[in-house]
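The structure under discussion appears below in the form of structure tokens.
The values are calculated or read from the model by the stated rules, or taken from the named source; none is laboratory data. These figures come from a predicted structure and were not determined experimentally. Glycine also receives a Cβ, built like all others from the backbone with ideal geometry; neighbour counts cover every protein chain displayed. Areas reflect the complete protein model, heavy atoms only, side chains present, ligands, DNA and RNA absent. Shrake-Rupley method; radii C 1.70, N 1.55, O 1.52, S 1.80 Å.
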Amino acid sequence: MRARYAVPLGITAAGAAGIAYAAGFEVRSFRLRRVTVPVLPPGMRPLRVLQVSDIHMVGGQRKKQRWLQSLAGLRPDFVINTGDNLSDPEGVPETLDALGPLMRFPGAYVFGSNDYYGPKLRNPARYLIEKATGRHGLNGNAPVVGAIHNPWEELRDGFDEAGWINLTNTRGRLKIDGREIALTGLDDPHIKRDRYAEVAGGPVADADFSMAVVHAPYLRVLDAFTADRYPLILAGHTHGGQLCIPFYGALVTNCDIDTGRVKGLSTHRAGGHRSYLHVSAGCGTNRYTPVRFACPPEATLLTLVPRD
């Protein structure tokens, strides 16, 4: 009798321990990823870019707020925020407070779906179903009904007041130590707000360096940026898979990019050209699934150096 119940009880205990670890420790185990990317023109001085993404701020997340504030000690040349700052309609003040020290540096941002709409409780198995059917977000699925509207305008106004550049389906520029950095951004492809035709044409000739920014790394967007010869694309959205299997990796990406590129630095090819792609695993979670496993929350300091 003892042997009959020992295995099920052991599996149950292991599962409970895994959930406790994922919800109680790893989800608050914030990390800094450091990446070197050879994309600058020969002879150009290196640039240090801090990417923050998928904060998904919920009221009372003090440790996350303090950690984000501490990133200002890295003193980056500029900051790129790749969206999904909110997971609580009341979270704008705490988000702006957490990012306040970083907003003293030059920066730019795009929004994600969770900046516009509040999260809804959903069956986690739907992510596997969407992967199998190739239907993600509003890309093939029915429009969202009864969505909670977040006060994204307040978030936008706070970023704009600090001098961060809004890259919503538009272009912008930063001047860093006399160098012109051209930025091209898109609104969130996950909810079909991207309008590439409004920014098409590739890097501008009179900038020292050009790069692309988007929240969700959908293939249609990556193809367009790469075919237009952007050397570097920054994105977020995937949470790095959020619940991963040790020594295997992510099961889902919540978009149509492959799991092998769900986070970190990789490359993308389209139109006979190649771009570097960096996907941030982000530092938050949907408020209804506050767990991470084998995928710690993160921000990334990218050091851009001259290409060979």
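So if I check each of GLY264, GLY284, which one is crowded, with 23+ Cβ neighbours inside 10 Å and either under 11 Å from the mean Cα position of the chain (by Cα) or among the hydrophobic types (A, V, I, L, M, F, W, C) (or both)?
GLY284
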The lone condition PRO143 fails out of (1) open to solvent by 10 Å² or more (accessible area, probe 1.4 Å); (2) outside any loop (DSSP other than H, G, I, E, B) is (2)
Apart from one, (1) in contact (Cβ under 8 Å) with a residue 40 or more places away in the chain; (2) farther than 30 Å from ASP228 by Cβ all hold for ASP97; the odd one out is (1)
Checked against (1) more than 12 Å from the chain's Cα centre (by Cα); (2) of a type outside the set (Lys, Arg); (3) under 16 Å from VAL27 (Cβ atoms), LEU304 satisfies every condition except (3)
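Mind listing just one residue for me: the one in the range 39-59 that is surrounded by fewer than 19 Cβ atoms within 10 Å (Cβ to Cβ) and touching an Asp or Glu at 6+ places or on another chain (Cβ under 8 Å) and, of those, nearest to HIS215 (Cα to Cα)? Show your work before the answer.
Start the filter on the range 39-59 by keeping residues that are surrounded by fewer than 19 Cβ atoms within 10 Å (Cβ to Cβ), which leaves 41-46, 48, 59.
Those still in the list that are touching an Asp or Glu at 6+ places or on another chain (Cβ under 8 Å) too: 41, 44-45, 48, 59.
Working: PRO41: 26, MET44: 28, ARG45: 27, ARG48: 20, GLY59: 23 Å.
If we take residues in the range 39-59 being surrounded by fewer than 19 Cβ atoms within 10 Å (Cβ to Cβ) and touching an Asp or Glu at 6+ places or on another chain (Cβ under 8 Å), then ARG48 is nearest to HIS215 (Cα to Cα).
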GLU130 vs (1) part of a helix (DSSP H, G or I); (2) in contact with a strand residue (DSSP E or B) (Cβ under 6 Å, 6 or more places away or on another chain); (3) more than 23 Å from ASP258 (Cβ to Cβ): all pass except (3)
ASN166 passes all but one of the listed conditions (1) closer than 23 Å to PRO217 by Cβ; (2) in contact with a helix residue (DSSP H, G or I) (Cβ under 7 Å, 6 or more places away or on another chain); (3) of a type outside the set (A, V, I, L, M, F, W, C); (4) crowded, with 18+ Cβ neighbours inside 10 Å; the exception is number (4)
Checked SER70, SER87 against criteria (more than 30 Å from THR259 (Cα to Cα) and either open to solvent by 40 Å² or more (accessible area, probe 1.4 Å) or polar (S, T, N, Q) (or both)); the one match is SER70
When the range 206-233 is checked residue by residue, the ones that are in a loop (DSSP other than H, G, I, E, B), in contact with an Asp or Glu (Cβ under 8 Å, 6 or more places away or on another chain) and open to solvent by 10 Å² or more (accessible area, probe 1.4 Å) are ASP206, ALA207, ASP208
For the range 69-116 the number of residues that are of a type in the set (Phe, Trp, Tyr) and either in contact with an Asp or Glu (Cβ under 9 Å, 6 or more places away or on another chain) or over 19 Å from ALA235 (Cα atoms) (or both) is 3
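With touching a helix residue (DSSP H, G or I) at 6+ places or on another chain (Cβ under 7 Å), touching a residue at least 40 places away in the same chain (Cβ under 8 Å) and surrounded by fewer than 20 Cβ atoms within 10 Å (Cβ to Cβ) as the only criterion, which of PRO246, PRO296 stands out? Explain how you work it out, then say what you get.
On the way: PRO246 fails: touching a helix residue (DSSP H, G or I) at 6+ places or on another chain (Cβ under 7 Å).
That would be PRO296, the only listed residue that is touching a helix residue (DSSP H, G or I) at 6+ places or on another chain (Cβ under 7 Å), touching a residue at least 40 places away in the same chain (Cβ under 8 Å) and surrounded by fewer than 20 Cβ atoms within 10 Å (Cβ to Cβ).
Mind telling me which of the residues ARG156, ARG173 ends up being part of a helix (DSSP H, G or I), open to solvent by 50 Å² or more (accessible area, probe 1.4 Å) and touching a residue at least 24 places away in the same chain (Cβ under 8 Å)? Working first, answer last.
Working: ARG173 fails: part of a helix (DSSP H, G or I).
The conditions single out ARG156.
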Within the range 33-68, residues more than 14 Å from the chain's Cα centre (by Cα) and within 23 Å of ASN114 (Cα to Cα) come out as VAL58, GLY59, GLY60, GLN61, ARG62, LYS63, LYS64, GLN65, ARG66, TRP67, LEU68
Would it be correct to say that ASP194 is assigned to a loop (DSSP other than H, G, I, E, B), buried (at least 18 other Cβ atoms within 10 Å of the Cβ), modelled with pLDDT of 95 or more and not hydroxyl-bearing (Ser, Thr, Tyr)?
yes
**Study point:** Test: residue in the range 30-38 that is open to solvent by 50 Å² or more (accessible area, probe 1.4 Å) and modelled with pLDDT under 95
**Key:** no
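From LYS131, LYS120, which residue is modelled with pLDDT under 85, open to solvent by 30 Å² or more (accessible area, probe 1.4 Å) and under 20 Å from the mean Cα position of the chain (by Cα)? Lay out the reasoning, then the answer.
Values: LYS131 fails: modelled with pLDDT under 85.
It is LYS120.
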Being on the phi < 0 side of the Ramachandran plot and at pLDDT 95 or above narrows TYR5, TYR109 down to just TYR109
